[in-house]
């Protein structure tokens, strides 16, 4: 009798466990994502769409993510807060947009005179960068992951040539992040403007110059019609966007869906870098062949030296005032010294030594 009862209990428990597991496997989890970009925005928006599609497919439809673009939520620079408070579960934005709110977010997009995309990805994944980002974002109920890289960005579109440091005085320029602080130290007036307002701001003389990304996105924006001087970059050698996730919401997902979401973000991030690289190469060819009036310029050595000096001074100031900032800055600088030796030997060395043979 007892043996029969015990056997019946085990069978009943097995049925319940199996039913519960089946129910969990069939349950659909729905998340909301806010992006800083407008609908169907190329490259940046493509990264989001790719991530959402991969998460859906890898989860066999159990993980559904709804995307709201900036035209819907009306807060392109409010993604950090919206995800923090749980209005949205995920965000896609740029970390340095939130410098004014959480200063140490600044360092995880890119830094002037810093690492290239491949070097920075190595830092994130194998040099302690992700752990430092966890430390900064974790205080705000958030966890952030690399969300796609543009590669080296161009230095911007200017109405007038920059021939000296004096030409930066009172220059009103759209340039976010640390680079904006650097130019401000040299007398410029940096402003941050949503992507959808960049062209009209330049056209209406609200700003004198702007940097956006590079050929991958600049050509379609039409900046060359207003500002013919296109300067080479110094300020954003590896601009990384971010997927920002509400930590509590992430914890509510089953372990397999958490893993799937992270893999989808990781893959979408790398895909965006490759797409951006390919688009820049194609659009650069179009620019040089179809728009000969565009004048590609390099900032004079005097100007770059002044910019680098201002950059180093601000870094020292920030490190002296904030132990966590000092920790991040040191980590980036130490890793750059380590990895750049190999970059010089490998990629730069290869290009330099074979250039004459491949042209």
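Tabulated data
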| quantity | calculated |
| --- | --- |
| Candidate set: the stretch 61-88, residues that are over 18 Å from the mean Cα position of the chain (by Cα) and buried (at least 24 other Cβ atoms within 10 Å of the Cβ); chosen: the one farthest from residue 130 (Cα to Cα) | 63 |
| Filter result (buried (at least 16 other Cβ atoms within 10 Å of the Cβ) and assigned to a loop (DSSP other than H, G, I, E, B)) within the stretch 198-219 | 207, 208, 211, 212, 213, 214 |
| Filtered residue count, the stretch 63-96, keeping only those that are assigned to a strand (DSSP E or B) and touching a helix residue (DSSP H, G or I) at 6+ places or on another chain (Cβ under 9 Å) | 10 |
| Any hit, the stretch 328-344, residues being touching a residue at least 12 places away in the same chain (Cβ under 8 Å), under 28 Å from residue 160 (Cβ atoms) and in contact with a helix residue (DSSP H, G or I) (Cβ under 6 Å, 6 or more places away or on another chain) | no |
| Residues of the stretch 148-180 classified as within 21 Å of residue 223 (Cβ to Cβ), modelled with pLDDT under 95 and part of a helix (DSSP H, G or I), total | 1 |
| Residue 125 assigned to a helix (DSSP H, G or I) and without any contact (Cβ under 8 Å) to a residue 40 or more places away in the chain | yes |
| Single residue of the stretch 1-60 satisfying the filter (part of a loop (DSSP other than H, G, I, E, B) and exposed (fewer than 10 other Cβ atoms within 10 Å of the Cβ)) that is modelled with the highest pLDDT | 28 |
| Candidates 259, 264 - the one that is without any contact (Cβ under 8 Å) to a residue 12 or more places away in the chain and either in the same structural domain as residue 79 (by TED's automatic domain parsing) or surrounded by fewer than 23 Cβ atoms within 10 Å (Cβ to Cβ) (or both) | 259 |
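The values are calculated or read from the model by the stated rules, or taken from the named source; none is laboratory data. Here the structure is a predicted model, which is why all the values come from computation and not from measurement. Cβ atoms come from the backbone with ideal geometry, glycine included; neighbour counts cover every protein chain shown.
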